[in-house]
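Just below is one structure, and these are the notes that go with it.
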Amino acid sequence: MTEPERNSLYPFLPVLNRDKRGGAVQHIHDAVRDAIVRLEIAPGALIDKSALCERLGVSRFPVSEALGRLADDGFVEILPQRGTRVTLINLADCREAMFIRRALEADAVRVIALQSDGKFLNAFRDNLAAQRAAMKTDDRIAFHALDLALHDLLLDALGFERVKTAVYAARAKLDRMRLFLCTPERQASTIAEHERILAALRTRDPAAAGQAMEEHLDMVMTELASFSATRPDVFETRIDESAVA
């Protein structure tokens, strides 16, 4: 591959600001991770280290270190004598991650239902309005960010940092698949499910709030399982035992 070809291989990656404080390894890690989550670097794709170095304007060492961290995170795998490849999506891992989210976030809204105030409910409502606007313009990146922000709003209201950390860790396993599912139909369903959560919070009904959250996350997982059958190229072929039990 020629140098011009390498320079054009990852045009979506931001050129690193050499004057910006902070470690180059972390900046590279974050940039490549975001590209993987946004599906700009597809599941199963081989990473060209030389092209990354050319694009980011760095040596191979920080790129190798950043890819090592991404391997620890589960986003890439190091293949001996072959290079680095973006991991395929593992459906069993997604099920486990959603199980964690379902347990924690459903309990979170049950607690919040008894203590939410007008300011919190208005913030929830404003986020839903922004979701509708993003759906109308078919901006799935913005919609996905707003979806995450809404769940962050709930976790912030709960106020338990270790719960937030656990949810974030589980959510990292799901980020790529959520963009695959961010179709107009799924966006409309997501908004409707969020509205049911908001309605339960407004009436201070913890049981209804918890149920609405569980149904919301269950629906996402159900659609992911169906989607995996249509795109075997981006999913690991290992049998998901929970799906056939």
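Which one is surrounded by the most Cβ atoms within 10 Å (Cβ to Cβ), of the residues in the range 49-66 that are charged (D, E, K, R) and out of contact with any Lys or Arg (no Cβ under 7 Å at 6 or more places or on another chain)? So the residue we want is R55. Among the residues of the range 184-193, those that are out of contact with any His (no Cβ under 6 Å at 6 or more places or on another chain) and either more than 25 Å from R132 (Cβ to Cβ) or surrounded by 14 or more Cβ atoms within 10 Å (Cβ to Cβ) (or both) comprise R186, Q187, S189, T190, I191. Sub-9 Å Cβ pairs linking a first residue in the range 205-233 that is among the basic types (K, R) to a second residue that is in a helix (DSSP H, G or I) and surrounded by 12 or more Cβ atoms within 10 Å (Cβ to Cβ), at least 6 apart or interchain, are R231/F180, ordered by first then second residue.
For the range 146-162, the tally of residues that are within 17 Å of the chain's Cα centre (by Cα) and in contact (Cβ under 8 Å) with a residue 40 or more places away in the chain stands at 5. Can you name the residue in the range 78-114 that is among the polar types (S, T, N, Q) and free of Cβ contacts under 8 Å to residues at least 40 places away in the same chain and is also surrounded by the most Cβ atoms within 10 Å (Cβ to Cβ) among such residues? Checking each candidate, the answer is T84.
Going residue by residue through the range 125-134, is there one that turns out to be buried (at least 16 other Cβ atoms within 10 Å of the Cβ), of a type outside the set (A, V, I, L, M, F, W, C), over 20 Å from the mean Cα position of the chain (by Cα) and in the same structural domain as M219 (by TED's automatic domain parsing)? So far as the range 125-134 goes, no, none of its residues is buried (at least 16 other Cβ atoms within 10 Å of the Cβ), of a type outside the set (A, V, I, L, M, F, W, C), over 20 Å from the mean Cα position of the chain (by Cα) and in the same structural domain as M219 (by TED's automatic domain parsing). Of all the numbered requirements in (1) of a type in the set (D, E); (2) modelled with pLDDT of 80 or more; (3) farther than 24 Å from D73 by Cα, D34 misses one, and that requirement is (3).
Please determine whether any residue of the range 153-174 is more than 26 Å from V111 (Cβ to Cβ), modelled with pLDDT under 90 and out of contact with any His (no Cβ under 6 Å at 6 or more places or on another chain). Within the range 153-174, not a single residue is more than 26 Å from V111 (Cβ to Cβ), modelled with pLDDT under 90 and out of contact with any His (no Cβ under 6 Å at 6 or more places or on another chain).
Looking at this structure, is R178 more than 16 Å from A108 (Cα to Cα) and either within 15 Å of the chain's Cα centre (by Cα) or not assigned by TED's automatic domain parsing to the domain that holds A123 (or both)?
Here the answer is yes, as R178 does meet what is asked.
Here's the yes/no breakdown for (1) in contact with a Cys (Cβ under 9 Å, 6 or more places away or on another chain); (2) assigned to a helix (DSSP H, G or I); (3) touching a residue at least 24 places away in the same chain (Cβ under 8 Å); (4) among the acidic types (D, E):
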{"position": "D126", "(1), (2), (3), (4)": "no, yes, no, yes"}
{"position": "H144", "(1), (2), (3), (4)": "yes, yes, yes, no"}
{"position": "E185", "(1), (2), (3), (4)": "no, yes, no, yes"}
{"position": "S189", "(1), (2), (3), (4)": "no, yes, yes, no"}
{"position": "E193", "(1), (2), (3), (4)": "no, yes, yes, yes"}
{"position": "L201", "(1), (2), (3), (4)": "no, yes, yes, no"}
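In the set (1) over 19 Å from L217 (Cα atoms); (2) in the same structural domain as A145 (by TED's automatic domain parsing), the condition left unmet by L52 is number (2).
The values are calculated or read from the model by the stated rules, or taken from the named source; none is laboratory data. No experiment lies behind these values; they were computed from the predicted model shown. All Cβ positions, even for glycine, are placed from backbone atoms using ideal geometry, and neighbour counts span all protein chains on display.
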